[in-house]
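Here's the structure, in structure tokens; my notes come after.
Where a number appears in this text, it was derived from the coordinates with a stated rule and is not lab data. Every value quoted in this text rests on a predicted model; they were computed, and no experiment measured them. Ideal geometry is used to build each Cβ from the backbone, glycine not excepted, and the neighbour counts take in all protein chains shown.
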Amino acid sequence: MRYAPAILVGRIVRLLARWRKPGGGSAVPGLVVNTIAPGFLARTLNGFPGGLVIVTGSSGKSTTTKLLVAALRAHGLGVFTNESTANISQGLTSALLEQASLAGRISGDVAVLEMDEGHGALISGSLTPRVVALTNVMVDQIDRFHDSEMVAAMLAKIASRATGTVVVNADDQYLLDLAVHLDAPVGISRFGVSADVLAANPRGLGYSATAVARLGAAEGMLLTAVDGREATVLVDGAPYPMVLPARGTHYAVDAVTALCTAQAVLGDRFDPAIAAAAISAIPPVFGRGEIVTVRGRKVEFVLVQNPASFQLNVDSLASGTDQILIAIGSDVRDPSYFWPVDTSGLDRVAIASGSKAQEIALQLAYDDVTVDRIELDLGKALDDFLALPDPQVGLKTIIFSADSMRRTRAHLGLASNKAGRD
């Protein structure tokens, strides 16, 4: 019961934070508890009977985690996870407070957590995860992570804490090198895409360094086909079809990551047919290909967090819609961060908005994309965009950075990550 006072304080802070700002302040209770009871997070996460599973990497963490949780639950496991996709230490602690008893215990067989690579490296010394899944290394958050070597080093620090298995993307050269140099006596499970899938993505999959050779079917799970929201994966030589939460090869890779990690967690209990069916039933993750109905209009949300995800999403949207609003916010401190992205596939953008509206409009203009209007006031831009007649092709589509995503959801009354979803 030594953590009971801290848990009570955290819950009071949570109530006050939600009273002051409905739908917000989710990290504040965790920050308070981590300050007054610094051992709470590690003790609770390490206490699950089936162990702790960490999903980390530059991109794909949220989607992979959600798909993995679905696959494990379909096999009958009780799973605790960070539903809100908060992936830094205070957010993780806040998620624990939602379900922890006063003794600091949470019912469930296993914990599956998305973890920010920087914060994960900071707290990894106190954690003993049974399985660590590494998604990829991309050029990401250059204000925090100065180069890809820095990201790889942080992922290596987290992976070195694994007691059972490290799941590795075999198409990412940084992760392949990391796996070779792991000191811990753990198993390595690999997944990757076939040569045909890679060839269908001429710009690549966004990794800082793509491996030259492809994974063989006998060496791990292999993504062999992607067509919109449909994909096929080879597991032990047998093909399993899946429906993806959103279109695009990057979402198919997230699904394979989840499958491979589920196998590492479940061992002999793993049934790929059950896992594939569970993954196929999952809707998009918060802002990532999510389709919502707002004011009677269907709208697709597309979150871009780094140049790689921006490019992959632009490519998957090409010719798929003719009515786009793009909103880039204050989280993109240096607009040149997105200059490597070829946005020409968008053809036309109805409105450019957010605090970096003029900068993204200039980039679009250089790529010969027609921008009908620049509107710095995001609320007005959203209202006017929704008032436009329905598009002739595809859905109304809003492409946004993380800051603009939060502002968009708040303006539209979608404060919860479950609100308004079809």
Would you mind computing, in nm to one decimal, how far apart the modelled labels at residue 269 and residue 295 are, each placed 7 Å from Cα along Cα→Cβ? 4.8
Need one number: nm distance between label points at residue 75 and residue 182, each 7 Å from Cα along Cα→Cβ, rounded to one decimal. 1.7
At a Förster distance of 35 Å, what's the computed FRET efficiency of residue 410 paired with residue 218, Cβ-Cβ distance as r, to 0.05? 0.10
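Within a Cβ distance under 9 Å of residue 170, other residues only, what is the Lys/Arg minus Asp/Glu net charge? It would help to have the intermediate numbers written out before the result.
On the way: positive: 190, 214; negative: 171, 172, 219.
That works out to -1.
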Estimated D of the range 176-305 in µm² per second, where Rh is the Kirkwood radius over Cα pairs and Stokes-Einstein applies at 25 °C, 0.890 mPa s: 153
Given H placed on each backbone N at 1.01 Å, which residues far from residue 51 in sequence or on other chains put an amide H within less than 5 Å of it? 111
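Place the peptides 51-63, 390-402, 371-383, 113-125 in order of packing, highest mean first, counting for every residue the other Cβ atoms within 10 Å and averaging per peptide. Walk me through the numbers on the way to the answer.
Working: 51-63: 26.4, 390-402: 18.4, 371-383: 16.8, 113-125: 21.5.
Top of the packing list down: 51-63, 113-125, 390-402, 371-383.
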Applying the Karplus parametrisation 6.51 cos²θ - 1.76 cosθ + 1.60 with θ = phi - 60° to the phi angles of the range 305-316, what ³J(HN,Hα) value in whole Hz is obtained for each residue in order, glycine and proline being reported as x? 10, 7, x, 5, 5, 4, 5, 4, 6, 4, 5, 6
Highest first, please rank the peptides 226-236, 352-362 by the mean number of other Cβ atoms sitting within 10 Å of their residues. 352-362, 226-236
Cα-Cα over 26 Å, subset of 356/396; 61/380; 61/157; 66/380: 61/380; 66/380
Phi angles of the range 123-134, converted by Karplus (6.51 cos²θ - 1.76 cosθ + 1.60, θ = phi - 60°) into ³J(HN,Hα) in whole Hz with x for Gly and Pro, give 9, 4, x, 9, 10, 10, x, 7, 10, 10, 9, 10
In terms of modelled amide H atoms, which long-range or inter-chain residues lie less than 5 Å from the amide H of residue 294? 299
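Of all beta bridges DSSP finds with both residues in the range 288-411, what is the antiparallel percent, to the nearest 5?
Numbers: 6 of 22 bridges.
Antiparallel: roughly 25 percent of the beta bridges in the range 288-411.
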What distance in nm separates the simple spin-label points at residue 126 and residue 336, each placed 7 Å from Cα in the Cβ direction? 3.9
Using θ = phi - 60° and the Karplus form 6.51 cos²θ - 1.76 cosθ + 1.60, what ³J(HN,Hα) does each residue of the range 357-365 get, whole Hz, x for Gly and Pro? 4, 5, 5, 6, 5, 5, 4, 4, 4
Pull up all non-local amide H partners of residue 235: gap of 5 or more, or a different chain, and H-to-H distance under 5 Å with H placed in the peptide plane. 240
